[in-house]
Amino acid sequence: MAGVREYWLIDEPRREAYFYTRDRNGRYREALPSVDGIYASTVLPGLRLRVDWLWRDPLPTFDEALADLPA
């Protein structure tokens, strides 16, 4: 099956983020971040996002992000 396997919707004014992955039947289902607020991509292994970073000002540096995420 070809196509987009995962997509993210980021609503900056509302400070909301939604993550969707495609199931085996080709339907998109909402995928939730973990209880500690980290979303782990199902398509790109190792890609994780602490959702509250999206609203942080200033945004974390690359080094801060690496140090903050669990291994």
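The values are calculated or read from the model by the stated rules, or taken from the named source; none is laboratory data. Nothing here was measured: the structure is a model prediction, and the numbers come from that model. Cβ coordinates were reconstructed from backbone atoms using ideal geometry, including for glycine residues, and neighbour counts include every protein chain displayed.
Among the numbered criteria (1) surrounded by 12 or more Cβ atoms within 10 Å (Cβ to Cβ); (2) of a type outside the set (S, T, N, Q); (3) touching a Ser or Thr at 6+ places or on another chain (Cβ under 9 Å); (4) modelled with pLDDT under 95, which one does residue 54 miss?
(3)
Taking residue 28 as the residue in question, decide whether it is surrounded by 11 or more Cβ atoms within 10 Å (Cβ to Cβ) and in contact with a Leu (Cβ under 6 Å, 6 or more places away or on another chain). Spell out how you get there, then give the answer.
On the way: surrounded by 11 or more Cβ atoms within 10 Å (Cβ to Cβ): yes; in contact with a Leu (Cβ under 6 Å, 6 or more places away or on another chain): no.
It is false that residue 28 is surrounded by 11 or more Cβ atoms within 10 Å (Cβ to Cβ) and in contact with a Leu (Cβ under 6 Å, 6 or more places away or on another chain).
Residue by residue through the range 57-71, note down the ones that are assigned to a loop (DSSP other than H, G, I, E, B) and modelled with pLDDT of 90 or more. Please lay out each step first, then the result.
Here is the first cut: in the range 57-71, the residues assigned to a loop (DSSP other than H, G, I, E, B) are 57-61, 69-71.
Across the range 57-71, the qualifying residues are 57, 58, 59, 60, 61.
Any idea which of 54, 49 is touching a Lys or Arg at 6+ places or on another chain (Cβ under 9 Å) and among the aliphatic types (A, V, I, L, M)?
On the way: 49 fails: touching a Lys or Arg at 6+ places or on another chain (Cβ under 9 Å).
Only one candidate qualifies: 54.
From 18, 39, 7, grab the single residue that is aromatic (Phe, Trp, Tyr) and surrounded by 14 or more Cβ atoms within 10 Å (Cβ to Cβ).
Numbers: 18 fails: surrounded by 14 or more Cβ atoms within 10 Å (Cβ to Cβ); 7 fails: surrounded by 14 or more Cβ atoms within 10 Å (Cβ to Cβ).
Being aromatic (Phe, Trp, Tyr) and surrounded by 14 or more Cβ atoms within 10 Å (Cβ to Cβ) holds for just one of 18, 39, 7, which is 39.
Need a quick list: strands (runs of 3 or more DSSP E) entirely within the range 1-53 having at least 2 residues that are under 26 Å from residue 67 (Cα atoms). Give the derivation first.
Values: elements: 6-11, 16-22, 28-31, 38-40, 48-50.
Because the criterion is at least 2 residues that are under 26 Å from residue 67 (Cα atoms), the strands (runs of 3 or more DSSP E) in the range 1-53 that meet it are 6-11, 16-22, 38-40, 48-50.
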